[in-house]
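Data block below; observations after.
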Amino acid sequence: MALLGPQDQYLQLIEQKFDASIVARGDTVIVHGAPDEVTQIERVFKELNFILSKSGNLSIRDVSAVLDLIETGPPEGIPNEDLESVIVFAHHDAIRAKTPTQKEYYQAVKRNDIVFAIGPAGTGKTYLAVAMAVSALKNREVNRIVLARPAVEAGESLGFLPGDLAQKVDPYLRPLYDALQEMLTGEKVRGFVERGTIEVVPLAYMRGRTLNSAFVILDEAQNATPMQMKMFLTRLGTGSKAIITGDQTQIDLPSRQQSGIIQIQQVLHDVPGIRFVYFNKTDVVRHKLVKDIINAYEKFHESPGHRGEEEKATERQSE
(Lines give C-alpha, C1' and ligand atoms only; values in the text may rest on other atoms or scores of the structure.)
Protein backbone atom coordinates (compact mmCIF):
# COMPACT_ATOMS: atom_id res chain seq x y z
CA MET A 1 0.00 0.00 0.00
CA ALA A 2 2.85 2.39 0.79
CA LEU A 3 4.30 1.96 -2.70
CA LEU A 4 1.07 1.87 -4.73
CA GLY A 5 -0.85 4.34 -2.61
CA PRO A 6 -4.25 4.16 -0.93
CA GLN A 7 -6.69 2.40 -3.30
CA ASP A 8 -3.81 2.14 -5.82
CA GLN A 9 -3.84 5.93 -6.27
CA TYR A 10 -0.11 6.13 -7.10
CA LEU A 11 -0.34 3.15 -9.45
CA GLN A 12 -3.18 4.83 -11.37
CA LEU A 13 -1.13 8.00 -11.69
CA ILE A 14 1.76 6.00 -13.17
CA GLU A 15 -0.59 4.16 -15.57
CA GLN A 16 -1.88 7.50 -16.91
CA LYS A 17 1.65 8.41 -18.05
CA PHE A 18 2.24 5.24 -20.09
CA ASP A 19 0.49 3.07 -22.69
CA ALA A 20 1.73 -0.14 -21.04
CA SER A 21 -0.54 -2.11 -18.71
CA ILE A 22 0.54 -2.46 -15.07
CA VAL A 23 -0.91 -5.14 -12.80
CA ALA A 24 -0.07 -5.52 -9.11
CA ARG A 25 -0.57 -8.97 -7.59
CA GLY A 26 0.63 -9.65 -4.08
CA ASP A 27 4.21 -8.42 -3.89
CA THR A 28 4.70 -8.53 -7.68
CA VAL A 29 4.17 -5.83 -10.32
CA ILE A 30 3.63 -7.16 -13.86
CA VAL A 31 4.16 -4.79 -16.79
CA HIS A 32 3.11 -5.50 -20.40
CA GLY A 33 4.15 -3.07 -23.12
CA ALA A 34 6.88 -1.84 -25.44
CA PRO A 35 10.42 -2.60 -24.18
CA ASP A 36 11.37 1.08 -23.73
CA GLU A 37 8.22 1.77 -21.69
CA VAL A 38 8.77 -1.33 -19.56
CA THR A 39 12.30 -0.06 -18.82
CA GLN A 40 10.97 3.40 -17.88
CA ILE A 41 8.28 1.95 -15.60
CA GLU A 42 10.86 -0.28 -13.94
CA ARG A 43 12.96 2.80 -13.25
CA VAL A 44 9.91 4.62 -11.81
CA PHE A 45 9.33 1.85 -9.28
CA LYS A 46 13.04 1.67 -8.40
CA GLU A 47 13.13 5.42 -7.69
CA LEU A 48 9.91 5.27 -5.66
CA ASN A 49 11.20 2.29 -3.71
CA PHE A 50 14.38 4.23 -2.93
CA ILE A 51 12.45 7.27 -1.63
CA LEU A 52 10.18 4.95 0.39
CA SER A 53 13.18 3.25 2.00
CA LYS A 54 14.68 6.65 2.91
CA SER A 55 11.62 8.48 4.23
CA GLY A 56 9.24 5.66 5.19
CA ASN A 57 6.35 7.01 3.12
CA LEU A 58 5.40 8.37 -0.30
CA SER A 59 3.21 11.27 -1.35
CA ILE A 60 1.58 12.39 -4.59
CA ARG A 61 4.36 15.01 -4.78
CA ASP A 62 7.01 12.26 -4.71
CA VAL A 63 5.30 10.21 -7.43
CA SER A 64 4.80 13.28 -9.66
CA ALA A 65 8.45 14.31 -9.18
CA VAL A 66 9.72 10.86 -10.21
CA LEU A 67 7.40 10.77 -13.24
CA ASP A 68 8.69 14.21 -14.26
CA LEU A 69 12.24 12.91 -13.87
CA ILE A 70 11.52 10.01 -16.23
CA GLU A 71 9.52 12.10 -18.71
CA THR A 72 11.86 15.09 -19.06
CA GLY A 73 15.05 13.05 -18.95
CA PRO A 74 17.28 15.37 -16.88
CA PRO A 75 21.04 15.29 -17.37
CA GLU A 76 22.93 12.20 -16.35
CA GLY A 77 24.55 12.19 -12.96
CA ILE A 78 21.73 12.98 -10.54
CA PRO A 79 22.56 10.51 -7.76
CA ASN A 80 19.76 8.67 -5.99
CA GLU A 81 20.58 10.27 -2.67
CA ASP A 82 19.76 13.71 -4.16
CA LEU A 83 16.22 12.73 -5.21
CA GLU A 84 14.68 13.61 -1.87
CA SER A 85 15.98 17.20 -2.21
CA VAL A 86 14.54 17.66 -5.74
CA ILE A 87 11.85 20.34 -5.72
CA VAL A 88 10.78 20.42 -9.37
CA PHE A 89 11.98 19.21 -12.79
CA ALA A 90 12.02 21.86 -15.48
CA HIS A 91 13.75 22.49 -18.79
CA HIS A 92 15.43 19.07 -18.60
CA ASP A 93 17.07 19.96 -15.30
CA ALA A 94 16.44 19.28 -11.64
CA ILE A 95 15.95 22.22 -9.28
CA ARG A 96 16.83 21.01 -5.82
CA ALA A 97 17.87 22.20 -2.40
CA LYS A 98 21.67 22.21 -2.21
CA THR A 99 22.88 23.62 1.10
CA PRO A 100 21.77 22.35 4.54
CA THR A 101 19.73 25.53 5.11
CA GLN A 102 18.04 25.18 1.72
CA LYS A 103 17.06 21.62 2.63
CA GLU A 104 15.74 22.86 5.98
CA TYR A 105 13.79 25.54 4.05
CA TYR A 106 12.27 22.93 1.69
CA GLN A 107 11.22 20.69 4.58
CA ALA A 108 9.81 23.67 6.51
CA VAL A 109 7.56 24.60 3.57
CA LYS A 110 6.34 21.01 3.23
CA ARG A 111 5.36 20.90 6.91
CA ASN A 112 4.09 24.46 7.56
CA ASP A 113 1.57 26.78 5.92
CA ILE A 114 3.58 29.98 6.50
CA VAL A 115 7.39 30.12 6.25
CA PHE A 116 9.66 33.15 6.57
CA ALA A 117 13.03 32.90 4.76
CA ILE A 118 15.42 35.56 6.03
CA GLY A 119 19.01 36.08 4.90
CA PRO A 120 21.42 37.78 2.49
CA ALA A 121 21.18 38.01 -1.28
CA GLY A 122 22.19 35.01 -3.38
CA THR A 123 21.07 32.30 -0.96
CA GLY A 124 18.20 31.06 -3.16
CA LYS A 125 15.33 32.29 -0.96
CA THR A 126 13.18 33.61 -3.82
CA TYR A 127 14.30 31.13 -6.48
CA LEU A 128 13.45 28.10 -4.34
CA ALA A 129 10.18 29.70 -3.20
CA VAL A 130 9.10 30.03 -6.84
CA ALA A 131 10.27 26.46 -7.53
CA MET A 132 8.17 25.16 -4.63
CA ALA A 133 5.17 27.14 -5.87
CA VAL A 134 5.55 25.72 -9.40
CA SER A 135 5.86 22.21 -7.94
CA ALA A 136 2.67 22.68 -5.90
CA LEU A 137 0.84 23.93 -8.99
CA LYS A 138 2.08 21.02 -11.12
CA ASN A 139 1.02 18.53 -8.45
CA ARG A 140 -2.42 20.19 -8.15
CA GLU A 141 -1.86 20.97 -4.49
CA VAL A 142 -2.96 24.56 -5.26
CA ASN A 143 -4.97 26.18 -8.06
CA ARG A 144 -2.83 29.26 -8.56
CA ILE A 145 0.35 31.12 -7.66
CA VAL A 146 0.38 34.72 -6.44
CA LEU A 147 3.73 36.51 -6.31
CA ALA A 148 3.91 39.92 -4.62
CA ARG A 149 6.60 42.52 -4.01
CA PRO A 150 6.59 45.95 -2.37
CA ALA A 151 7.19 48.62 -5.04
CA VAL A 152 9.59 50.56 -2.83
CA GLU A 153 11.95 53.02 -4.45
CA ALA A 154 15.63 52.13 -4.06
CA GLY A 155 17.39 55.28 -5.15
CA GLU A 156 15.02 55.89 -8.10
CA SER A 157 11.62 57.53 -8.00
CA LEU A 158 8.66 55.73 -9.55
CA GLY A 159 7.29 59.08 -10.65
CA PHE A 160 10.25 59.68 -12.94
CA LEU A 161 10.10 56.29 -14.64
CA PRO A 162 8.47 56.28 -18.11
CA GLY A 163 5.10 54.68 -18.89
CA ASP A 164 1.84 53.93 -17.09
CA LEU A 165 1.58 52.34 -13.63
CA ALA A 166 1.96 48.78 -14.96
CA GLN A 167 5.16 49.77 -16.79
CA LYS A 168 6.45 51.64 -13.74
CA VAL A 169 6.13 48.65 -11.39
CA ASP A 170 7.32 46.08 -13.94
CA PRO A 171 11.04 46.50 -13.01
CA TYR A 172 10.17 45.65 -9.39
CA LEU A 173 8.39 42.45 -10.43
CA ARG A 174 10.84 41.39 -13.16
CA PRO A 175 12.99 39.15 -10.87
CA LEU A 176 9.89 37.04 -10.15
CA TYR A 177 9.15 36.67 -13.87
CA ASP A 178 12.79 35.72 -14.47
CA ALA A 179 12.58 32.93 -11.88
CA LEU A 180 9.33 31.64 -13.40
CA GLN A 181 10.77 31.52 -16.90
CA GLU A 182 13.67 29.37 -15.72
CA MET A 183 11.18 26.72 -14.57
CA LEU A 184 8.44 27.03 -17.21
CA THR A 185 8.62 27.94 -20.88
CA GLY A 186 7.85 31.56 -21.75
CA GLU A 187 4.71 30.38 -23.55
CA LYS A 188 3.45 28.53 -20.45
CA VAL A 189 4.15 31.51 -18.20
CA ARG A 190 2.22 33.82 -20.57
CA GLY A 191 -0.69 31.34 -20.71
CA PHE A 192 -0.82 31.00 -16.93
CA VAL A 193 -0.68 34.79 -16.47
CA GLU A 194 -3.43 35.38 -19.04
CA ARG A 195 -5.71 32.83 -17.31
CA GLY A 196 -4.91 34.20 -13.85
CA THR A 197 -3.29 30.93 -12.75
CA ILE A 198 -0.11 32.91 -12.05
CA GLU A 199 -0.39 36.47 -10.82
CA VAL A 200 2.55 38.81 -10.22
CA VAL A 201 1.42 41.96 -8.40
CA PRO A 202 2.69 44.87 -6.29
CA LEU A 203 1.99 44.30 -2.59
CA ALA A 204 -0.44 47.23 -2.45
CA TYR A 205 -2.79 45.36 -4.83
CA MET A 206 -3.32 42.59 -2.25
CA ARG A 207 -5.55 44.65 0.04
CA GLY A 208 -9.11 43.40 0.44
CA ARG A 209 -8.52 39.99 -1.15
CA THR A 210 -8.90 36.45 0.20
CA LEU A 211 -6.64 33.88 -1.47
CA ASN A 212 -7.96 30.31 -1.33
CA SER A 213 -6.05 27.28 -2.64
CA ALA A 214 -3.11 29.50 -3.59
CA PHE A 215 0.65 29.44 -3.14
CA VAL A 216 1.46 33.02 -2.16
CA ILE A 217 4.97 34.51 -2.09
CA LEU A 218 5.94 37.90 -0.69
CA ASP A 219 9.42 38.77 -1.94
CA GLU A 220 11.71 41.55 -0.61
CA ALA A 221 9.54 41.67 2.52
CA GLN A 222 12.09 43.83 4.34
CA ASN A 223 10.54 46.72 2.37
CA ALA A 224 7.03 46.03 3.70
CA THR A 225 5.82 48.10 6.63
CA PRO A 226 4.36 46.34 9.71
CA MET A 227 0.83 47.22 8.53
CA GLN A 228 1.52 45.87 5.03
CA MET A 229 2.94 42.68 6.53
CA LYS A 230 -0.19 42.17 8.63
CA MET A 231 -2.36 42.91 5.59
CA PHE A 232 -0.49 40.35 3.48
CA LEU A 233 -0.58 37.57 6.09
CA THR A 234 -4.32 38.00 6.67
CA ARG A 235 -5.05 37.48 2.93
CA LEU A 236 -4.39 33.73 3.31
CA GLY A 237 -7.47 31.56 2.72
CA THR A 238 -8.22 27.85 3.04
CA GLY A 239 -5.85 25.40 1.35
CA SER A 240 -3.16 28.06 0.87
CA LYS A 241 0.53 28.36 1.69
CA ALA A 242 2.69 31.46 2.02
CA ILE A 243 6.42 32.12 1.84
CA ILE A 244 7.82 35.49 2.90
CA THR A 245 11.41 36.26 1.91
CA GLY A 246 13.57 39.16 3.03
CA ASP A 247 17.05 40.50 3.72
CA GLN A 248 17.31 42.61 6.87
CA THR A 249 20.50 44.25 5.59
CA GLN A 250 18.81 45.73 2.48
CA ILE A 251 15.93 47.80 3.84
CA ASP A 252 14.95 50.63 1.47
CA LEU A 253 12.20 52.11 3.64
CA PRO A 254 12.61 55.68 4.99
CA SER A 255 14.88 55.69 8.05
CA ARG A 256 12.05 56.44 10.50
CA GLN A 257 9.84 53.61 9.24
CA GLN A 258 10.20 50.14 10.79
CA SER A 259 10.46 47.09 8.55
CA GLY A 260 7.65 44.55 8.88
CA ILE A 261 10.13 41.64 8.59
CA ILE A 262 11.84 42.77 11.82
CA GLN A 263 8.68 43.26 13.85
CA ILE A 264 7.02 40.04 12.66
CA GLN A 265 9.80 37.88 14.14
CA GLN A 266 8.79 39.14 17.58
CA VAL A 267 5.04 38.83 16.92
CA LEU A 268 4.89 35.31 15.43
CA HIS A 269 7.98 33.55 16.80
CA ASP A 270 6.00 30.94 18.77
CA VAL A 271 2.86 30.45 16.63
CA PRO A 272 2.36 26.78 15.55
CA GLY A 273 2.30 26.26 11.78
CA ILE A 274 4.62 29.22 11.18
CA ARG A 275 8.36 28.67 10.73
CA PHE A 276 11.34 31.03 10.43
CA VAL A 277 14.36 29.82 8.43
CA TYR A 278 17.57 31.87 8.61
CA PHE A 279 20.14 31.87 5.81
CA ASN A 280 23.71 33.17 6.07
CA LYS A 281 26.65 33.82 3.77
CA THR A 282 27.62 30.12 3.70
CA ASP A 283 24.37 29.47 1.78
CA VAL A 284 25.22 31.82 -1.12
CA VAL A 285 24.85 29.92 -4.40
CA ARG A 286 25.41 32.76 -6.87
CA HIS A 287 28.77 33.79 -8.34
CA LYS A 288 31.58 33.04 -5.88
CA LEU A 289 32.33 36.78 -5.59
CA VAL A 290 28.89 37.42 -4.04
CA LYS A 291 30.05 35.73 -0.83
CA ASP A 292 33.20 37.88 -0.85
CA ILE A 293 31.10 41.02 -1.37
CA ILE A 294 28.87 40.14 1.62
CA ASN A 295 32.00 39.53 3.76
CA ALA A 296 33.49 42.87 2.68
CA TYR A 297 30.32 44.77 3.59
CA GLU A 298 30.15 43.05 7.00
CA LYS A 299 33.74 44.06 7.76
CA PHE A 300 33.05 47.61 6.58
CA HIS A 301 29.97 48.03 8.79
CA GLU A 302 31.83 46.55 11.78
CA SER A 303 34.89 48.77 11.34
CA PRO A 304 35.60 51.61 13.83
CA GLY A 305 34.63 55.01 12.51
CA HIS A 306 32.09 53.67 10.02
CA ARG A 307 29.16 54.92 12.10
CA GLY A 308 30.66 58.39 12.34
CA GLU A 309 31.17 58.59 8.58
CA GLU A 310 27.61 57.38 8.03
CA GLU A 311 26.22 60.05 10.37
CA LYS A 312 28.18 62.78 8.56
CA ALA A 313 26.84 61.58 5.21
CA THR A 314 23.27 61.68 6.58
CA GLU A 315 23.82 65.23 7.83
CA ARG A 316 25.14 66.32 4.42
CA GLN A 317 22.09 64.80 2.69
CA SER A 318 19.67 66.57 5.09
CA GLU A 319 21.39 69.91 4.42
Q. Which one of K230, K241, K188 is modelled with pLDDT under 90 and open to solvent by 10 Å² or more (accessible area, probe 1.4 Å)?
A. K188
Q.
Looking for something closer than 25 Å to V66 by Cβ and modelled with pLDDT under 70 - is there at least one such residue anywhere in region 93-108?
A. yes
(Q) Condition first: in a helix (DSSP H, G or I) and either polar (S, T, N, Q) or open to solvent by 10 Å² or more (accessible area, probe 1.4 Å) (or both). Now tell me which residues in region 123-133 satisfy that. (A) K125, T126, Y127
Q: Pick out the one residue from A151, A224 that is modelled with pLDDT of 85 or more and surrounded by 15 or more Cβ atoms within 10 Å (Cβ to Cβ).
A: A224
Q.
So, in region 268-289, exactly how many residues are closer than 19 Å to E220 by Cα and either touching a Cys at 6+ places or on another chain (Cβ under 8 Å) or open to solvent by less than 80 Å² (accessible area, probe 1.4 Å) (or both)?
A. 10
Q) Within region 3-42, can you find the residues that are within 28 Å of the chain's Cα centre (by Cα) and not polar (S, T, N, Q)? A) L3, G5, Y10, L13, I14, K17
Q: Please work out which residue is nearest to N139 (Cα to Cα), limiting yourself to region 107-122 and to residues that are open to solvent by less than 20 Å² (accessible area, probe 1.4 Å), assigned to a strand (DSSP E or B) and among the aliphatic types (A, V, I, L, M).
A: V115
Q: Could you run through region 7-54 and say how many residues are over 21 Å from K138 (Cα atoms) and acidic (D, E)?
A: 5
Q. When both residues are 6+ apart or on different chains and their Cβ atoms are under 6 Å apart, which pairs have a first residue that lies in region 176-201 and is closer than 19 Å to A148 by Cβ and hydroxyl-bearing (S, T, Y), and a second that is part of a strand (DSSP E or B) and open to solvent by 40 Å² or more (accessible area, probe 1.4 Å)?
A. T197/R144
Q: Take the residues in region 19-41 that are touching a strand residue (DSSP E or B) at 6+ places or on another chain (Cβ under 6 Å) and more than 17 Å from V63 (Cβ to Cβ), then tell me which one is surrounded by the most Cβ atoms within 10 Å (Cβ to Cβ).
A: V38
**Q.** Qualifying positions in region 240-271 - among the acidic types (D, E) and in contact (Cβ under 8 Å) with a residue 60 or more places away in the chain
**A.** D247, D252
Q.
For region 42-62, check the following and say yes or no: at least one residue is modelled with pLDDT under 85, surrounded by 15 or more Cβ atoms within 10 Å (Cβ to Cβ) and not in a helix (DSSP H, G or I).
A. yes
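The values are calculated or read from the model by the stated rules, or taken from the named source; none is laboratory data. Remember, it's a predicted structure, so these values are computed and weren't measured experimentally. Note: ideal-geometry Cβ built from the backbone for every residue, glycine included; neighbour counts use all protein chains shown. For accessibility, only protein heavy atoms count, side chains too; no ligands or nucleic acids. Shrake-Rupley method; radii C 1.70, N 1.55, O 1.52, S 1.80 Å.
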